[in-house]
Amino acid sequence: MKRLACAALALLALSGAAWAADLPPAPYYKAPAYLPVYNWTGFYIGANGGGGFGYSKWDTTNSFNPSGGVAGGTLGYNYQIGAAVLGVEGDIDWAGLSGSTTGGCPAGCRTSDSWLSTIRGRLGYAAGRFMPYVTAGGAFGNIQASTPGLAGGSATNAGWTAGAGLEFAVAPHWTLKAEYLYVDLGKFNCGVGCGAAGDNVAFSTNLIRGGFNYRF
């Protein structure tokens with residue numbers, strides 16, 4: 001009886017091994033790729049471009065809206081603490097912002113700006129490769145005012161700027177960004193060179209820019 005039981009068990013074992021050999025191989029599951037957490041700390045350099053539409057008013061004119069394009073370079077540094085990203089950024093742009101009015105100035109009064117520069121602090125929130133941020137600081141630019149037939153006047157003014165943006169890391173060292181800045185350069189007095197003696201000329205603009213940065 002024992003011999004019969006052992007033979008039956010051996011037969012079952014052999015049939016089980018044969019059945020297992022006929023089964024397809026177990027599927028191979030590849031472990032998901034490891035994506036390191038993106039770190040925003042470091043220096044960067046980049047370029048930006050876009051456009052502006054703004055506001056100007058002389059003492060003797062109606063208000064009007066200078067507009068045009070801007071393009072230039074950017075330099076900055078970020079330091080990440082947890083999800084917070086603290087930074088400082090500076091830029092300088094060629095500007096082709098200009099506009100004119102005949103309201104209160106029949107010959108045509110024109111305000112223009114040939115360059116803009118900002119030095120700003122930034123506060124961002126690191127959401128992986130996305131970083132929304134707010135920014136504010138100082139602004140500098142050259143305001144020019146002119147009337148046909150008169151000499152005109154110009155001044156390099158300092159003012160302030162504030163805005164917000166979104167930056168996205170597309171590669172380990174490269175980021176793309178879009179931002180909005182409000183820039184107010186205040187007023188300057190162009191004297192008898194444009195309009196009435198002692199005319200004050202105000203200039204501010206809204207900038208919408210895109211850009212890219214290379215992070216070191």
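You will find that of 171, 178, 158, the residue that is surrounded by fewer than 14 Cβ atoms within 10 Å (Cβ to Cβ), hydrophobic (A, V, I, L, M, F, W, C), over 30 Å from residue 105 (Cα atoms) and without any contact (Cβ under 8 Å) to a residue 40 or more places away in the chain is 171 and no other. Residues that are in contact with an Asp or Glu (Cβ under 8 Å, 6 or more places away or on another chain) and either surrounded by 14 or more Cβ atoms within 10 Å (Cβ to Cβ) or among the β-branched types (Val, Ile, Thr) (or both) occur at least once in the range 51-59.
Inspection of the range 113-121 identifies at least one residue that is of a type in the set (S, T, N, Q), out of contact with any Asp or Glu (no Cβ under 8 Å at 6 or more places or on another chain) and at pLDDT 95 or above.
Every residue, every condition in (1) aromatic (Phe, Trp, Tyr); (2) under 26 Å from residue 42 (Cβ atoms); (3) at pLDDT 95 or above, yes or no:
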| site | (1), (2), (3) |
| --- | --- |
| 141 | no, no, yes |
| 147 | no, no, no |
| 159 | no, no, yes |
| 167 | no, yes, yes |
| 175 | no, yes, yes |
| 186 | no, no, yes |
| 194 | no, no, no |
| 205 | no, no, yes |
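Hey, does the range 61-71 have a residue that's at pLDDT 95 or above and within 18 Å of residue 175 (Cα to Cα)? Within the range 61-71, one or more residues are at pLDDT 95 or above and within 18 Å of residue 175 (Cα to Cα).
For the range 62-98, residues that are buried (at least 20 other Cβ atoms within 10 Å of the Cβ), under 18 Å from residue 154 (Cβ atoms) and not hydrophobic (A, V, I, L, M, F, W, C) total 2. Cβ separations smaller than 7 Å between residues 6+ apart or across chains give no pair from the range 69-86 residues that are free of Cβ contacts under 8 Å to residues at least 40 places away in the same chain to residues that are among the basic types (Lys, Arg) and surrounded by 14 or more Cβ atoms within 10 Å (Cβ to Cβ).
The values are calculated or read from the model by the stated rules, or taken from the named source; none is laboratory data. None of these values were measured; they are calculated from a predicted model. Don't worry about glycine lacking a Cβ; one is built from the backbone with ideal geometry, like all the others, and counts go over all protein chains shown.
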